[in-house]
Amino acid sequence: MSVLRVLLVGWLLLLPACRYTFLPLDPGRATLPERFSVSGSLETIERGAVARLTVRRMAEPAYLELRWYKGDQLFQERSIWVEKPGTYQARFERLDDGYYRLVVLVQNSPLLQLELGSPLLPPPPTP
């Protein structure tokens, strides 16, 4: 009987050693900073193009910098002051049916690129 008692006492002493001796760390949900969310489209019109930009989310009022390129050369530049989410538009000139692209930046960080035409790519290498 004493052996059984010793085993029971030993088992009761070792049982707490099997439990966690610390609280698991739970940092909770991290709050992510508000960022700009912009989508847009380009529509061709006679001798130009219209960019329609939809700002869905923003951290603070800022300028949307619009840079209009013809090929690799900067052709026009515009800025739109954005205070709240909404739809904005800008008009750009086109000289011909070549390749144009619009780069949208906020605080010198590119957010979106829209293109018209097809880029001039080098020919593929010969095998």
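Looking at the structure I just gave you, is R35 among the basic types (K, R), open to solvent by less than 60 Å² (accessible area, probe 1.4 Å) and under 19 Å from the mean Cα position of the chain (by Cα)? Answer is no for this residue.
When the residues of segment 103-122 are filtered to those that are touching a Gly at 6+ places or on another chain (Cβ under 8 Å) and in a strand (DSSP E or B), the one that is farthest from V55 (Cα to Cα) is L114. Just one of the listed residues (L32, L95) is closer than 28 Å to L121 by Cα, part of a loop (DSSP other than H, G, I, E, B) and of a type in the set (A, V, I, L, M, F, W, C), and it is L95. Put simply, of E77, E43, E60 the only residue that is over 15 Å from Q89 (Cβ atoms) and outside any loop (DSSP other than H, G, I, E, B) is E77. Here E115, E77, E65, E83 are screened, and the one residue that is at pLDDT 90 or above, of a type in the set (D, E) and open to solvent by less than 90 Å² (accessible area, probe 1.4 Å) is E65.
The values are calculated or read from the model by the stated rules, or taken from the named source; none is laboratory data. These figures come from a predicted structure and were not determined experimentally. Every residue, glycine among them, receives a Cβ derived from its backbone with ideal geometry; neighbour counts consider all protein chains shown. Only protein heavy atoms, including side chains, enter the accessible area calculation; ligands, DNA and RNA are left aside. Shrake-Rupley method; radii C 1.70, N 1.55, O 1.52, S 1.80 Å.
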